[in-house]
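Notes to accompany the following structure.
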Amino acid sequence: FTMNAIALDPLTGDIEDPHKGQADIEKKTIRTVGSAEERFLEDALRIMRAVRFAAELDFDLAEETTTAIRALHTGLSDISAERIWTETRKLLAAPQPLASLDAMESTGVLAQLFPEAKGLKLLRKLVGLDMREGFTPDPMVRFLALFWKSTAAVHDVANRVKMSNDERHRLNWAVQHDTP
């Protein structure tokens, strides 16, 4: 991404920014270096990183980035479940995950990775509560909200993404106690 393609010359202190990453940072925009299609074909996990960065930084995806995600999201099927889960957990831990989840939904990423996810409405309410001062968002609670009222979906997805034993234990406890 352009924001990651900035370098500092340690000898002179000069900043090298050949892809206008500083301008994208100022505009709060996630943009690939060069062709978004080429970058996502090289490594489809960049799709998840784009939406995660947008959530963590409260940035928007550039139009060409969104268009390429919509066209190439099926490439995520070649990425290991563990890597998908790592990015998803980070996205869910971000202060503002909703715009990224909306982007995932509108581009087809959410339906491809988590077709069982039906709880965006509940997650919106939780994120609103999460905005209280001093509150630390819990990605596992947010995850559970996406699949709420479908115990089978929670367990299927936890198995599919190869959650840790601790994460599975927390989900099982929440499901058994009927509370996210």
### Message
Just to confirm the filter: which trypsin sites (Lys or Arg not before Pro) across the range 1-34 are DSSP coil and have at most 13 other Cβ within 10 angstrom of their Cβ?
### Response
LYS28
## Note on the structure
Classified through the alpha carbon gyration tensor (a ≥ b ≥ c as square roots of its eigenvalues; rounded if a/c is under 1.5, else prolate when a/b is larger than b/c, else oblate), the range 46-86 comes out oblate
### Summary
the chain, Gaussian network, Cα under 10 Å: of PRO97, PRO115, PRO137, the residue fluctuating most is PRO115
### Query
Can you list the lysines whose alpha carbon sits under 26 Å from that of LYS118, skipping same-chain ones fewer than 8 residues off?
LYS90, LYS149, LYS162
## Note on the structure
Given a Förster distance of 35 Å, the FRET efficiency implied by the Cβ-Cβ spacing of SER80 and GLU26, rounded to the nearest 0.05, works out to 0.50
### Summary
With +1 at each Lys and Arg Cβ and -1 at each Asp and Glu Cβ, the charge dipole magnitude of the chain around its Cα centre, to the nearest 20 debye, comes out at 860 debye
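Whenever you get a sec, compute what percent of the accessible area on the chain sits on carbon and sulfur atoms (1.4 Å probe).
52 percent
Provide the gained length on full extension for the span ASN159 to ILE15, in nm with one decimal, where the gain is 0.36 nm per separating residue minus the Cα-Cα distance.
On the way: separation 144, 0.36 × 144 = 51.84 nm, distance 4.51 nm.
Gain on stretching ASN159 to ILE15: 47.3 nm.
Find the accessible area per residue for the chain; the probe is 1.4 Å, ligands and nucleic acids are left out, and the unit is Å². Display every interim value, and only then the final one.
On the way: 9570 Å² over 180 residues.
Heavy-atom accessible area per residue stands at 53 Å².
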### Task
Using a cut-off of under 16 Å, list every residue of the range 65-107 whose amide N is near the label point 7 Å from the Cα of LEU41 along the Cα-to-beta-carbon line.
65, 67-76
### Query
If amide H atoms are built 1.01 Å from N in the plane of the peptide, which residues on other chains or at least 5 residues away come under 5 Å of the amide H of LEU61?
ILE30
### Query
For the chain, what does the alpha-carbon gyration tensor say about shape, rounded, prolate or oblate, given a ≥ b ≥ c as the root eigenvalues, a/c under 1.5 as rounded, and a/b over b/c as prolate?
prolate
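The values are calculated or read from the model by the stated rules, or taken from the named source; none is laboratory data. All figures in this text were calculated on a predicted structure; none of them were measured in a lab. Virtual Cβ from ideal backbone geometry, glycine too; neighbours counted across all protein chains shown. Please note that ligands, DNA and RNA were not included when accessible areas were found on the heavy atoms of the full protein model with its side chains. Shrake-Rupley method; radii C 1.70, N 1.55, O 1.52, S 1.80 Å.
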